[in-house]
Amino acid sequence: MDEDLSKRQQRILEFVSDYIEENGYPPSIREIGAAAGISSTSVVSYNLRRLEERGYLSRDREVSRGLKLTSTARAQVASEAIVRLPLLGRIVAGEPIPVPASDFPLMGDETIELTRDILGDPQGLYALQVEGNSMIDALVHDGDIVIMRHQRRVENGEMAAVWLKDREEMTLKRFYQEEGGRVRLQPANPTVKPIYVDDPRQVEVQGKVVMVIRQLQ
């Protein structure tokens, strides 16, 4: 959003855009005030004038609800609705394979674009492309994109990107901490055997799968 706009003006512009999209007509002054936490209609009008001066709104003061978003505002709001996540590399959903010294083999400056309403909070999110079919029963196939949230701990049964330190290998599996500390990395394919790690210090969780994007053939 335009950094020259106040947070209140940004909130008003976002509310007007959302309201028009949902209802097909603009909100009233009082509705804008309620959404922005402003009790005074004159203060709402002042902020609408500032938005008009900046080229985000046009107003017909002779018409009730006479607000319109300009093309500048629509482009601004649309750009804010898109989140670009870094595509950090490929991860094997099968037997793990060695990767370079960094955690993931980088794929240049590639990104994945998703809408903010699908993702929610994008903080700590990144994307990986899956190689292999050991997670097909979890609806993760070769070539799919998994959206990961960077975190070091997951609950039993959650799907995670796991770094095996002693092997210097990365894999995508369901994570289980078993009695005695042993870690089981469980595939979702009956033809693939689980990976057992007796020393949990050799296992580092790199992130949890929060979304899968299917690559249609």
Looking at residue 160, is it modelled with pLDDT of 90 or more, outside any loop (DSSP other than H, G, I, E, B) and under 15 Å from residue 93 (Cβ atoms)? yes
Residue 28 vs (1) surrounded by 13 or more Cβ atoms within 10 Å (Cβ to Cβ); (2) under 23 Å from residue 116 (Cβ atoms): all pass except (2)
Identify, please: which residue in the stretch 168-194 is surrounded by 20 or more Cβ atoms within 10 Å (Cβ to Cβ) and either among the charged types (D, E, K, R) or touching a Ser or Thr at 6+ places or on another chain (Cβ under 7 Å) (or both) and is, among those, nearest to residue 145 (Cα to Cα)? 173
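The values are calculated or read from the model by the stated rules, or taken from the named source; none is laboratory data. Model, not experiment: these values are computed from the prediction. Reconstructed Cβ throughout: ideal geometry from the backbone, glycine too, with neighbour counts over all protein chains shown.
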